[in-house]
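Working notes, beginning with the structure itself.
Every read-out reported here was derived from the displayed coordinates using simple, explicitly stated rules and does not represent laboratory data. Only a predicted model underlies this, so the values are computations on that prediction, with no experimental measurement involved. Ideal geometry is used to build each Cβ from the backbone, glycine not excepted, and the neighbour counts take in all protein chains shown.
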Amino acid sequence: MKQLPPDTVRLLSSSQVITSVLNVVKELMENSLDAGASSIDIKLENYGFDRIEVRDNGHGIKAADAPVMAVRHFTSKICSHDDLERLETYGFRGEALGSICAVAEVSVITKTAEDDISTQYTLNFTGGVVSQKPSHFGQGTTVSVLKLFKNLPVRRQYYSSTKKCKEELKKVQDLLMAYAVIKPDLRLTLVHNKVVVWQKAKVADHRSALIATLGFGTVSNLVACHHHQEQPEIVLEGFFPKAGADYSSTSSSNPDRTFIFINSRPVHHKELMKLLRQRYAAQYPDDSARNRYPTLMLKITVSPSSVDVNLTPDKTQVLLQDKEAVLTAVEAFLVSLYGYRPSVESQVEKQ
Ligand code: ADP
Ligand code: MG
């Protein structure tokens, strides 16, 4: 038996963390949000496989931190495992930038409020800085990722069909919509091959953010919800389809407009999704909506110490310590909105 060379270990683990264009965009955007950005511009070339660029107006990276910014397990967000109990940032593992460096060519332009000018850093396979030069950008950080998966031909081939690329672009847009909904004061643009695919201006509140994302017609069929309970402390906020609204305007045949957030993180949560679909469908007497996904925003806020977000590399799945209490609170709200009809529930398709 032999130990694998370090470069092979790095490529193997990085390619598990960075699996798609979507994944890169998500990691870079979350870094921008963690840096306090109120404006993020995302540019893709050739669906992201030639270039992904994420530019923000956040606090930037200090010159002293630059040499380690993409070295794996270096992070400015937590100091120890205990800090996860108080986690308020999207990132914490110090894994993304370093992993992207192992599967693409990466450069970072950054400027803090204290810097006179911005600096462009070129990074290598291991996340080290190989060169730096002055540049002319304003405050914030721009990360450029070129030739994604250049050393993973099977993965590049997998994404090579136009159909697959278009699906990925749609997923990127869906992801941006989720952040647009949860961060009303964020300005966002998505440009592909120099064409604006989607954009959202800064707005005042979640309702305006939903209108900017889904359109006024859809949002006029949604009703605001707010529920606050103590012990365990759970805050539910959101917008749900009005009871009896025409289901073709308040639901979709796929889950891309069912926005679920736990502590501001967009998540996939099977049980919550099932509950939302069941209760939504139960209000339609002819069972016609049973295969539909309701258009809604559900924002769940619980104590950071009662959530485990370190379950999957993309952090879209979370474990809730008080899962039953959360499900009960959501269910009580849905029953009060849509009534209770047990006969429909078993018919909602299993996910
Ligand atoms: P993590 O987000 O888990 O800390 P990353 O590898 O994504 O790990 O980023 C490493 C570090 O680089 C971050 O902790 C942060 O200090 C810095 N950084 C990355 N992107 C940005 C950005 N857009 N703005 C400011 N700092 C950034
Ligand atoms: Mg990060």
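Treat the count of other C-beta atoms within 10 Å as a stand-in for reagent exposure and order Lys26, Lys202 from fewest to most. Each step should come with its number before you reach the end.
Working: Lys26 23, Lys202 15.
So the residues, fewest neighbours to most, are Lys202, Lys26.
If we count other beta carbons within 10 Å of each Cβ, what is the order of Thr218, Thr8, Thr141, fewest first?
Numbers: Thr218 19, Thr8 10, Thr141 25.
Fewest-to-most Cβ neighbours within 10 Å comes out as Thr8, Thr218, Thr141.
Compute the orientation-averaged projected area for segment 274-332 from the convex hull of its Cα atoms and round it to one decimal in nm².
Numbers: hull surface 20.2 nm².
Average projection, Cα convex hull of segment 274-332: 5.0 nm².
For segment 232-303, compute Rg over Rh where Rg is the Cα radius of gyration and Rh is the Kirkwood radius from the inverse mean 1/r over Cα pairs. Let's see the in-between values first.
Details: Rg = 12.4 Å, Rh = 12.6 Å.
Radius of gyration relative to Kirkwood radius: 0.98.
What does the extension gain come out to for Lys77 and Thr8, with contour length at 0.36 nm per residue minus their alpha carbon separation?
Details: separation 69, 0.36 × 69 = 24.84 nm, distance 2.77 nm.
Extra length available between Lys77 and Thr8 comes to 22.1 nm.
Taken about its Cα centre, segment 167-249 carries a charge dipole of roughly 460 debye when the Cβ of each Lys and Arg holds +1 and the Cβ of each Asp and Glu holds -1. Hey, quick one: spin label on Gln199, modelled 7 Å out along Cα-Cβ, who in segment 55-92 has an amide N within reach, i.e. under 15 Å? Answer for this model: 55. Dipole size of the chain about its Cα centre, with +1 on Lys/Arg Cβ and -1 on Asp/Glu Cβ: approximately 1200 debye, rounded to the nearest 20. Taking a ≥ b ≥ c as the square roots of the eigenvalues of the Cα gyration tensor of segment 21-156, is the shape rounded (a/c under 1.5), prolate (a/b larger than b/c) or oblate? Here segment 21-156 falls in the rounded category. Rg and Dmax over the alpha-carbon atoms of segment 147-186 stand at 13.9, 40 Å. Measuring nothing but how far apart in sequence close Cα pairs (under 8 Å, 6+ apart) lie, relative to its length, the chain scores a relative contact order of 14 percent.
Checking the Cα-Cα distances for Lys43/Lys166; Lys26/Lys315; Lys62/Lys133; Lys274/Lys323; Lys163/Lys274 against a 19 Å cut-off, the pairs over it are Lys163/Lys274.
A dipole drawn for the chain from +1 and -1 charges on Cβ atoms has a positive end, and of Thr189, Asn46, Leu146 the residue lying farthest that way is Asn46. Its alpha carbons considered, segment 221-351 gives a radius of gyration followed by a Dmax of 14.3, 43 Å.
If you wrap a convex hull around the alpha carbons of segment 104-258, what volume per residue comes out, as a whole number of Å³? Spell out each step's value before the answer.
Working: hull volume 33.7 nm³, N = 155.
Normalising the Cα hull of segment 104-258 by residue number yields 217 Å³.
On a full-extension model of 0.36 nm per residue, what is the gain between Asn46 and Lys242, subtracting their alpha-carbon distance, rounded to one decimal in nm? Please list the in-between numbers first.
Values: separation 196, 0.36 × 196 = 70.56 nm, distance 4.06 nm.
Between Asn46 and Lys242, full extension yields an extra 66.5 nm.
Based on Cα atoms of segment 1-77, Rg over Rh with Rh as the Kirkwood radius reads 1.04.
Short version: what are the Cα gyration tensor semi-axes of the chain, square root of 5 times each eigenvalue, largest first, in whole Å? List each step's numbers first, then the result.
Values: eigenvalues 283, 91, 88 Å².
Equivalent ellipsoid of the chain: 38, 21, 21 Å, largest first.
Could you please report the charge total around Glu27, scoring K, R as +1 and D, E as -1 over all other residues with beta-carbon less than 9 angstrom from its beta-carbon? Don't skip to the answer; put the middle values down first.
Working: positive: Lys26; negative: Glu30, Glu95, Asp314.
Counting the neighbours of Glu27, the net charge comes to -2.
Once the convex hull of all Cα atoms in segment 204-259 is built, its volume per residue stands at 100 Å³.
Hey, what does the equivalent ellipsoid look like for segment 139-208, semi-axes from the Cα gyration tensor as sqrt of 5 times each eigenvalue, largest first, whole Å? Intermediate values should be presented prior to the final figure.
On the way: eigenvalues 163, 45, 22 Å².
Rounded to whole Å, the semi-axes are 29, 15, 11.
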